[in-house]
Amino acid sequence: MTLLDKVARAEQTRPPIPATVWMLGIVSLLMDVSSEMINALLPLYLAGGLGASALAIGFIEGLSVAIATVTKFLSGVLSDIGGRAKPLAVLGYGLGALSRLIFPWAASLDQIVLAKAMDRVGKGIRGTPRDAIVASVSPPEIRGASFGLRKSLDTVGGFAGPLIAIGAMGLLAGDIRAVFWIAAIPAALCMIVLVFFVHEPPGNRSMTRVSIRFADAFRLNRAVWGVIGLASIIMLARFSEAFVLLKSLEAGFTPVWVPLSLVIMHAAYGLTAFPAGRLSDRIGTSGLLVCSLGFLIAAHLTLASAATVWVYVLGTVLWGLHMGFSQGLLGAMIARVTPDHQKGSAFGTFNLVTGVVVLAGNTLAGWLWHSAGSTAPFLVGAALATVATIGIASGASQSKQG
């Protein structure tokens, strides 16, 4: 029997991807369509519709990411309630869907903050139970394919959302609130699919949690704190894409075409995520992180000077390349330097610290934009990314000498 025959036979005997995984993929796709439709236009609505300053936008964006990050830390506690994954997934996606009804009505910044907080709490809650269901219904031999399918459908949503927003803005004469109402439709469909078509195996207790004690954070080794410190600098340098979207207006985009920025980013990210994973096998996690920071530095410098559409497009491509090359790297570094019995505390501390840093970084970017102009946050971001790159290179050099 030839190698090709063996591969063909193995493919024939592999079980198909379960329907529940397909349904969860569709759930992710629909919610991501809804999220990206709003994310693509929210900075414009905040600045133009509500008169928010760049400082306020930075604070709101930072707060929303910080809430999601901290919620990931706390969601482990919720996972013990009943031990079932689907109710927690319904709670997480349900909060996101409910937030879609607030955005079109929002007439003040505090209402936007409420909607963003609900959305991000939901996002922080739903990831773990969703992945637990995928793992529980997938036989080991196709588990990788199942997770890959769900992620692929999620990525499709990332493309489709901004494209739908562009079409809706054109048809509705730039009425952002009307587009927000349309964004509620895929969120509602998401809940219908989740509630009625996603089935958790009877007796499933796939939600497990590593016990986390706050005191353990002070017992983490120096290597863990080194990664957390490095991650903090990177988080300061990589502020919210909201500022990239606002920059598009200065480069010559009309409001209708601003969502195209996210399409470009997702395209660059989608095309490079797999090759980046292959490259990491050759140059290691640290080498890949240096590459990603190189793209981030180039993106910052390009966007800082972006006075034309084509220079801006180049900057967004570089930003997307950074996303593709950096996906999951910091988490992998934490896992590598942490003993098994401290992984829960390490990831919990990592999420808490980086959540606070993201809030500070976005607020700083907003303050710089507000007080020194739109170029300032990108230049400071490039400087911070350079510091992080030097830190990685220095650490790699010391490890080789040791």
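Every number here is computed from the coordinates shown, using simple stated rules; none is lab data. Since this is a predicted model, take the numbers as computed values, not measurements. Here Cβ is always computed from backbone atoms with ideal geometry, including for glycine, and neighbour counts include all displayed protein chains.
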- Per residue, how much space in cubic angstrom lies within the convex hull of the C-alpha atoms of the stretch 302-377? 90
- Query: Under the Kirkwood approximation applied to all pairs of distinct alpha-carbon atoms, what is the hydrodynamic radius of the stretch 216-402 in Å?
  - Reply: 17.2
- Out of every Cα-Cα pair in the chain, what percent are more than 42 Å apart? 12
- Hydrodynamic radius (Kirkwood) for the stretch 18-206, which is based on Cα pairs only, to one decimal in Å: 17.1
- Total Lys pairs in the chain closer than 19 Å by alpha-carbon, pairs eight or more apart in sequence or interchain only? 8
- For K343, K247, ascending order of other Cβ atoms within 10 Å (fewest first) is K343, K247
- Any idea what the relative contact order of the chain is, in percent, if you count C-alpha pairs under 8 Å spaced at least 6 apart? 27
